[in-house]
Amino acid sequence: MAVKQFNLAKGQRAERKSLITVAEWFEYTVLATEPADWSDDYGDYYEKIDGQYVKVSGASAPTFEANKYYSQAAEREILGTRTPNSAVEYNPDIETSTDIRGINYTDVNKTQPQQSFDPHLVLGGAKLGAKLNDIRRRNAVSELSQFNFYIITAFVGDATNGYEAEMHTGCTCSYTSIGGDTNVNFPINIYFSNVITTGTVDKLSDDFTFTPDVTV
């Protein structure tokens, strides 16, 4: 598979805004009435068992009960508003050794990528901030590890064929403090899972469609 080149003129520098981090999480809405597609698509709905949302399963649709089943909807937000500087730090675990001939060898055992957003201000309309604040006030810390994150490299690809992206599933997004001086700062750290699906997105807004790469 050929490596795609940067969509930049020779020597042109990629602007920081072309490296985009997007948060994704899921909200669940309890159903009071039976959905129209329940009999055929019951597997797209969820039941809350021991605090976890589990997909409805079985050979056929169970009898619908009000306030027992849930629908799922994805929420997304592009990160970086009012944050002047942020980078994905890979934190490689590097092991070096020297053989009997005096030649040095280097092995990268793993990477532990993370990204910080500080400041990450409390802003009107900020969906992720509202989600994290709800988790904070309930001290529901287990929910901090239920996020997906996309890293979109808009300097590879185009609007016609898609921009290269990677989806990290099962990531942690934690808040480090809340407060500040004039404005309320709510800085966050992202810990990427390294469970990666590569693909493309069709647009550079949070309503994109992610298409996984075809592997052979």
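Brief remarks on what is shown
- Verdict on GLU95 being among the charged types (D, E, K, R), part of a loop (DSSP other than H, G, I, E, B), at pLDDT 95 or above and more than 30 Å from LYS203 (Cα to Cα): no
- Which listed residue, of TYR42, TYR70, TYR53, is surrounded by 10 or more Cβ atoms within 10 Å (Cβ to Cβ) and more than 24 Å from LEU132 (Cα to Cα): TYR42
- For beta carbons closer than 6 Å, sequence separation of 6+ or different chains, a first residue in the range 194-214 that is more than 28 Å from PRO92 (Cα to Cα) and a second that is of a type in the set (Lys, Arg) and part of a strand (DSSP E or B), the qualifying pairs are ASP206/ARG76.
- If you filter the range 175-188 down to residues that are of a type outside the set (Val, Ile, Thr) and crowded, with 16+ Cβ neighbours inside 10 Å, you find that the one that is nearest to GLU143 (Cα to Cα) is TYR175.
- Residue in the range 98-112 that is within 25 Å of GLN146 (Cβ to Cβ) and among the basic types (Lys, Arg) present: yes
- Against the test of being surrounded by fewer than 14 Cβ atoms within 10 Å (Cβ to Cβ) and either among the hydroxyl-bearing types (Ser, Thr, Tyr) or in contact with a helix residue (DSSP H, G or I) (Cβ under 6 Å, 6 or more places away or on another chain) (or both), the options THR83, THR98, THR21 yield a single qualifying residue, THR98.
- Qualifying residue in the range 37-52 (condition: at pLDDT 95 or above, of a type in the set (Ser, Thr, Tyr), in a strand (DSSP E or B) and outside the structural domain of PHE155 (by TED's automatic domain parsing)): yes
- The range 51-74 residues that are more than 19 Å from GLN146 (Cβ to Cβ), paired with ones that are surrounded by 10 or more Cβ atoms within 10 Å (Cβ to Cβ) and β-branched (Val, Ile, Thr) (beta carbon under 7 Å, 6 or more apart): PRO62/VAL56; ASN67/VAL30; TYR69/VAL56
- Of all residues in the range 25-42, those that are farther than 30 Å from LEU79 by Cβ have Cβ atoms under 7 Å from Cβ atoms of residues that are β-branched (Val, Ile, Thr), 6 or more apart or on another chain, in TYR42/VAL56.
- Residue satisfying all of: in the range 110-152; within 17 Å of GLN52 (Cα to Cα) and small (Gly, Ala, Ser); nearest to the chain's Cα centre (by Cα) among these: SER145
The rows are residues; the columns are (1) of a type outside the set (S, T, N, Q); (2) at pLDDT 95 or above; (3) outside any loop (DSSP other than H, G, I, E, B); (4) farther than 19 Å from ILE190 by Cβ.
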{"residue": "GLY125", "(1), (2), (3), (4)": "yes, yes, no, yes"}
{"residue": "LEU132", "(1), (2), (3), (4)": "yes, yes, yes, no"}
{"residue": "ARG137", "(1), (2), (3), (4)": "yes, yes, yes, yes"}
{"residue": "LEU144", "(1), (2), (3), (4)": "yes, yes, yes, no"}
{"residue": "TYR150", "(1), (2), (3), (4)": "yes, yes, yes, no"}
{"residue": "PHE155", "(1), (2), (3), (4)": "yes, yes, yes, yes"}
{"residue": "TYR163", "(1), (2), (3), (4)": "yes, yes, yes, yes"}
{"residue": "GLY170", "(1), (2), (3), (4)": "yes, yes, yes, no"}
{"residue": "SER174", "(1), (2), (3), (4)": "no, yes, yes, no"}
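The values are calculated or read from the model by the stated rules, or taken from the named source; none is laboratory data. Just so it is clear, the model here is predicted, and its values are computed rather than measured. All Cβ positions, glycine included, derive from the backbone under ideal geometry; neighbour counts span all protein chains shown.
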